[in-house]
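Have a look at the structure below, then the notes.
Read-outs: derived from the displayed coordinates by stated rules, not from any lab. Values in this document were obtained by computation on a predicted structure and should not be read as measured data. Cβ coordinates were reconstructed from backbone atoms using ideal geometry, including for glycine residues, and neighbour counts include every protein chain displayed.
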Amino acid sequence: MAQTVCLCGSFRHWAEMLALREALLAGGAPCEWPTPELHRDPATMTGDEARAAILAHLDRIDRAERIFVYDKDGYVGRSVAMDIGYAYARSKPLYALTRIPDPFLQPLVTAVMSVEDFLARVRSGDWPGIHPA
C-alpha cells in the first residue's frame, strides 16, 4: 500500500497542488493536504481561525509518512518554512520540487525530485538510493 503524503506549498500554487493531490489519490496514495473544501484566503481569517488552520495542518503532517514541498520556482514562504521545520523535527522524510535557496532549510530536505519521480516512488514504494539533497 502506498504511503500517506502531505503536500506543503504556497497558496499561489493551489491549483497545481490540487492536481498533484489528484494524481496521488489516483495512484492509491492517501494525501492529507490540500483538500478542495478547505481552501480559504488566509487574509480573511481571524487570529483564532488562523491558529486552528495551522494546528490542523500540523496534525496532517503528523499523520503523513512523507512530505512533499511544492516549492515551484524555489518559492518557500514563511508558513512553508514552518512546515519544513516541524516535519523535520517530527522525523518525516521531506522531498522538494526544487533546491530551497535558504541555507538553513535545504539541509533538512531528504531529496529534491520532480513531481513525476515522486509520484512513481510513492506508487512503487521504492525509495532506495535516497540520500540527503
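A few comments on the model shown:
- MRE, 222 nm, helices only [DSSP H, n ≥ 4, -39500 (n - 2.57), over the chain, to nearest 500]: -12500 deg cm²/dmol
- Charge sum, other residues only, whose C-beta stays under 14 Å from ALA120's C-beta, Lys/Arg counted +1 and Asp/Glu -1: 0
- Charge tally in the Cβ shell below 15 Å around ALA96, where Lys, Arg are +1 and Asp, Glu are -1, ALA96 excluded: -2
- Degrees, to the nearest 10: 78-89 long Cα axis against longest axis of the chain: 50 degrees
- Between ALA52 and PHE11, the distance separating the two model label sites (each 7 Å from Cα on the Cα→Cβ line) works out to 1.6 nm.
- Formal net charge of residues neighbouring GLU49 (Cβ-Cβ distance under 12 Å; K, R +1; D, E -1): 0
- Answer label, with mean projected area of the Cα convex hull in nm² calculated from the coordinates and candidates [x] 7.7; [y] 12.1; [z] 11.7: [x]
- Relative contact order computed over the chain (Cα-Cα under 8 Å; 6+ residues apart), in percent: 28 percent
- Cut-off under 5 Å, modelled amide H: who pairs with TYR70 long-range: CYS8, GLY9
- Taking the chain as a Gaussian network of alpha-carbon nodes connected by springs under 10 Å, the highest mean-square fluctuation of the residues ALA96, ALA64, ALA53 belongs to ALA53.
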